[in-house]
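Visitor: Below you'll find the structure I mean.
The values are calculated or read from the model by the stated rules, or taken from the named source; none is laboratory data. Predicted model only: the values in this text are computed from it and were never measured. Neighbour counts run over all protein chains shown; Cβ positions are idealised from the backbone, glycine included.
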Amino acid sequence: MDIEGQRLSPSLDGLFSPRSVALVGASSTTTKWGFAYARQLLGGASKRRIDLINQRGETILGEKSYTSLRSLPEAPELAVICVPAAQVAQAIDEGLEIGTRYFVCITAGFGEIGEEGRRVQNEIRDRVRAAGARLVGPNCAGLYDAAANLECTAFWKLAPGDIGIISQSGGVIVDLGARLPRESLGISRAVSVGNQADLTVEEFIESFATDPNTRVIVAYNEEFRDGRRLFQAIEYARKLGKEVVLVAPRASEAVGRSVASHTGSMISNEDVLASLCAEFDVVRVRGIGDLFLALRGLSAPVRAPGQRVAVIADGGGFATLGTDAAIEEGLEVPAFSPKLLAKLTEIMTSNSGMGNPIDYVGALDLASFKPVISAIASSGEVDAILLNGAYNNVAGATADSEAAVAADIRNVCQETGVAVSVATMITSEPAMVAFAADRVPVFDFPAEAARCLALGRQRHPQRELPTIGSTRQYAGKTDYLTSRNALAASGIEFTQAIYAGNADEAANAASTIGYPVVLKALGSLHKSNSGAVVLGISDEASLRAKMETLTNRLEPTGFSIEEMVVEREGIELLIGAIRDPAFGPTVVVAAGGTKTEIWRDRVVALAPVEEDVARRMLSSLRIAPLFAGFRGSPPISLDTVAGAVAAISRFMAEHHNVMEAEINPLIAGPTRCVAVDARIVAAQ
């Protein structure tokens, strides 16, 4: 497989290991950032030429300075811009004139302050790109590379290691720089992306993925501009064996949509992000605490290949609490096979609980658990072991002997590919200290141990990222009947419907369709909300009377006379599609009907989806047990429903100006799956 061929952006190695650097705005005043950056950059002077640019030509930290980039004897590969905002454009233009390839703009006062700042920022970006150069920032805090001895920062003091940090916040990098050494971890590369006028988080993920010194990439994101591009970068990194941890606070509920459909009112940015992280099995955390649980899990000797966990404890309460913690994290605690139970019976005391969780009665120290752990790890029945209990040091045992027990357990788990995480009230015991020294996670509480296992497990995406082929403009109208016809043409079955402009036309339409019929007054966006839908009209007199009532009350633009669906065992579903501002076309499946916003039972996926993905979405709903038949009711045809979901997802993906499309309800029954209402919202 040509992994490099899947990369979407060029290499940035020259940015992190430049042959030469110029600091524009270097200062001899110790309180200015120009002084702090000069001091940090000069620390790598043995690796590269460092030129200081100061308008007055001052001597700074014992080094001469130049008055401009043009006065340098040769062009720097990287220019760091640390001058007032009004001088940034000139400094970058000078660098472009002499052939500088990379710029890091520390200065603020651009896109983050308003429209005028954004205009100037975009002009600078366009000039940089036109010259074939690249720009970090503006409004950033710099970058760092341990192997290249590059400290293009004002105040970061970072311990070297194998964790790469990409952050929209320079302060987060400072925080991680202080905390990581406490976990015996350090940073390989770091970059503060600032306003991302040019270089983006996605491009840095791809760059870090090819860095041989980076093992895990941490990306702190506060906003998502091109969500698909982000997930493509994560997919690329994982194919190169690098895990990506996405640190993303809860996304805003303000989605910036017209919210013309039920789907639009139900689905937030957070719903989309959470669903996609689950669908593509991306490690996503919302805070620094969980980030460190993830890093400890990803740095452990073994990462669990799956979600099956054995809980082993030295007390009934510990067993129960450990099991609850595992289940809370979405892990499985499966019952052991008769073969494994027989083996455990030979090892453990007869009054112990052996069925998973394990309550080993009479075990007073970790050594007692060693044969139990060995038997379970060797069984092939679990992917991880959660130890939860006191695990005292046996009386008279030396620290070395206890450490040897811990080493034996670690070795067994490594040899069998089973992860282990420990929760104990006595983390200072020699065995626990030995575990921690070998990077086996040790915690005070089982909730932390279980979450560490869950976050650190191996990842298994449910599918590859879908691609969107050529798209076209949706040129049709978005009125109700045209929307029905457009979605029907995409492959979705609808009830029969005939337009009627007056009562006589309505009577003829009903006679053609056959009573009972449904009467819908047209012109209202949410027909059910305004009382514009009348179900089960059984004769012409009732039809004419209802039409007169609706005409007087609503002044509709016309009427739709439709077949009345009588599906006693039918389930109402909503299938819809939303063009998310960050992630593009998405498809939604939900419990449908007039109360769909109340049920909020929905699943989101990137569009387009194939029918196998659509079936998986349907099976993920809370109402999914109804599909197979419930208390004697017949099952529905999931294949037909999945076909409708796939069809609306294709419609959304193929029409770049469609913002929302919805069918609510889609009535799925044992003999028929038919849509009875439709809506399309297109960009103005």
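Visitor: Within segment 76-85, does at least one residue satisfy the condition of being at pLDDT 95 or above, among the charged types (D, E, K, R) and over 28 Å from Q168 (Cα atoms)?
Guide: Scanning segment 76-85 turns up no residue that is at pLDDT 95 or above, among the charged types (D, E, K, R) and over 28 Å from Q168 (Cα atoms).
Visitor: Which condition does L519 not pass, out of (1) part of a loop (DSSP other than H, G, I, E, B); (2) in contact with a strand residue (DSSP E or B) (Cβ under 7 Å, 6 or more places away or on another chain), if it passes all the others?
Guide: Unmet for L519, out of (1) part of a loop (DSSP other than H, G, I, E, B); (2) in contact with a strand residue (DSSP E or B) (Cβ under 7 Å, 6 or more places away or on another chain): (1).
Visitor: Output yes when any residue across segment 478-492 is out of contact with any Gly (no Cβ under 6 Å at 6 or more places or on another chain), closer than 24 Å to H656 by Cβ, among the basic types (K, R) and in contact (Cβ under 8 Å) with a residue 12 or more places away in the chain, and no when none is.
Guide: Scanning segment 478-492 turns up at least one residue that is out of contact with any Gly (no Cβ under 6 Å at 6 or more places or on another chain), closer than 24 Å to H656 by Cβ, among the basic types (K, R) and in contact (Cβ under 8 Å) with a residue 12 or more places away in the chain.
Visitor: Here is a list of conditions, (1) touching a helix residue (DSSP H, G or I) at 6+ places or on another chain (Cβ under 8 Å); (2) hydroxyl-bearing (S, T, Y); (3) in the same structural domain as I312 (by TED's automatic domain parsing), and S428 meets all of them except one; can you say which number that is?
Guide: Every condition holds for S428 apart from (1).
Visitor: Also: Output yes when any residue across segment 123-131 is at positive phi and either part of a loop (DSSP other than H, G, I, E, B) or modelled with pLDDT of 95 or more (or both), and no when none is. Give the derivation first.
Guide: Of segment 123-131, the ones at positive phi are none.
No, the conditions are met nowhere in segment 123-131.
Visitor: Can you say whether T424 is closer than 17 Å to V311 by Cβ and among the polar types (S, T, N, Q), as far as the supplied structure shows?
Guide: Considered against the rule, which asks whether it is closer than 17 Å to V311 by Cβ and among the polar types (S, T, N, Q), T424 comes out as yes.
Visitor: If you don't mind, another one. Among all residue pairs at least 6 apart or on different chains, which show Cβ distances below 6 Å where the first residue, located in segment 616-630, is assigned by TED's automatic domain parsing to the domain that holds V641 and of a type outside the set (V, I, T) and the second is part of a loop (DSSP other than H, G, I, E, B) and surrounded by 19 or more Cβ atoms within 10 Å (Cβ to Cβ)?
Guide: F627/I636
Visitor: Condition (residue is touching a residue at least 60 places away in the same chain (Cβ under 8 Å), in the same structural domain as V193 (by TED's automatic domain parsing) and among the small types (G, A, S)) applied to segment 71-94: is it met by at least one residue?
Guide: yes
Visitor: Just for segment 188-209: of the residues that are out of contact with any Phe, Trp or Tyr (no Cβ under 7 Å at 6 or more places or on another chain) and under 16 Å from G161 (Cα atoms), which one is surrounded by the fewest Cβ atoms within 10 Å (Cβ to Cβ)?
Guide: S188
Visitor: Scan segment 168-187 and tell me whether some residue there is within 20 Å of the chain's Cα centre (by Cα) and of a type in the set (A, V, I, L, M, F, W, C).
Guide: yes
Here is a yes/no grid of residues against (1) assigned to a strand (DSSP E or B); (2) over 18 Å from G593 (Cβ atoms); (3) not hydrophobic (A, V, I, L, M, F, W, C):
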{"position": "T482", "(1), (2), (3)": "no, yes, yes"}
{"position": "S511", "(1), (2), (3)": "no, yes, yes"}
{"position": "G531", "(1), (2), (3)": "no, no, yes"}
{"position": "V534", "(1), (2), (3)": "yes, no, no"}
{"position": "S542", "(1), (2), (3)": "no, yes, yes"}
{"position": "E548", "(1), (2), (3)": "no, yes, yes"}
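Visitor: Could I ask something else about it? Any idea which residue in segment 397-418 is farthest from A304 (Cα to Cα), counting only those that are in contact with a Pro (Cβ under 6 Å, 6 or more places away or on another chain) and hydrophobic (A, V, I, L, M, F, W, C)?
Guide: Only one residue tops the list, namely A399.
Visitor: When residues of segment 403-425 are filtered for being closer than 22 Å to G315 by Cα, in contact with a helix residue (DSSP H, G or I) (Cβ under 9 Å, 6 or more places away or on another chain) and free of Cβ contacts under 8 Å to residues at least 60 places away in the same chain, how many remain?
Guide: Result for segment 403-425: 5.
Visitor: For segment 383-424, give me the residue count where each residue is touching a Gly at 6+ places or on another chain (Cβ under 9 Å) and modelled with pLDDT under 90.
Guide: Total satisfying the criteria: 2.
Visitor: Further question on the same structure: In the set L96, L61, L12, which member is under 30 Å from I234 (Cα atoms) and either surrounded by fewer than 14 Cβ atoms within 10 Å (Cβ to Cβ) or in contact with a Lys or Arg (Cβ under 8 Å, 6 or more places away or on another chain) (or both)?
Guide: L12
Visitor: Of all residues in segment 493-519 being surrounded by 17 or more Cβ atoms within 10 Å (Cβ to Cβ) and touching a residue at least 60 places away in the same chain (Cβ under 8 Å), which is farthest from the chain's Cα centre (by Cα)?
Guide: My answer is A500.
Visitor: What number goes with the only condition from (1) in a loop (DSSP other than H, G, I, E, B); (2) closer than 16 Å to I53 by Cα that Q87 does not pass?
Guide: Every condition holds for Q87 apart from (1).
Visitor: For segment 316-367, give me each residue that is under 23 Å from V405 (Cα atoms), aliphatic (A, V, I, L, M) and outside any loop (DSSP other than H, G, I, E, B).
Guide: Those that are under 23 Å from V405 (Cα atoms), aliphatic (A, V, I, L, M) and outside any loop (DSSP other than H, G, I, E, B): A319, L340, L344, I347, I358, L366, A367.
Visitor: OK, next. Restricting to segment 48-60, name every residue that is over 45 Å from the mean Cα position of the chain (by Cα), part of a loop (DSSP other than H, G, I, E, B), over 16 Å from Q87 (Cα atoms) and in contact (Cβ under 8 Å) with a residue 12 or more places away in the chain.
Guide: E58, T59 - these are the residues of segment 48-60 that are over 45 Å from the mean Cα position of the chain (by Cα), part of a loop (DSSP other than H, G, I, E, B), over 16 Å from Q87 (Cα atoms) and in contact (Cβ under 8 Å) with a residue 12 or more places away in the chain.
Visitor: Another one. Can you pull out every residue in segment 338-380 that is modelled with pLDDT under 95 and of a type in the set (K, R)?
Guide: Scanning segment 338-380 gives a single hit, K370.
Visitor: Related question: Considering only residues of segment 598-636 that are at pLDDT below 85 and under 17 Å from S275 (Cβ atoms), which is surrounded by the fewest Cβ atoms within 10 Å (Cβ to Cβ)?
Guide: Among residues in segment 598-636 that are at pLDDT below 85 and under 17 Å from S275 (Cβ atoms), the one surrounded by the fewest Cβ atoms within 10 Å (Cβ to Cβ) is R600.
Visitor: Here's another thing I want to ask about it. Considering only residues that are under 25 Å from E112 (Cα atoms) and in a loop (DSSP other than H, G, I, E, B), which ones fall in segment 133-163?
Guide: A133, G137, P138, N139, C140, A141, T153, A154, F155, W156 - these are the residues of segment 133-163 that are under 25 Å from E112 (Cα atoms) and in a loop (DSSP other than H, G, I, E, B).
Visitor: Test V676 against the criterion of being in contact (Cβ under 8 Å) with a residue 24 or more places away in the chain and farther than 27 Å from L273 by Cβ, and give yes or no.
Guide: So V676 fits the description; yes.
Visitor: Now, a different point. Being within 21 Å of S378 (Cβ to Cβ), among the polar types (S, T, N, Q) and within 33 Å of the chain's Cα centre (by Cα) is the filter here; which residues of segment 302-344 pass it?
Guide: Q307 - this is the single residue of segment 302-344 that is within 21 Å of S378 (Cβ to Cβ), among the polar types (S, T, N, Q) and within 33 Å of the chain's Cα centre (by Cα).
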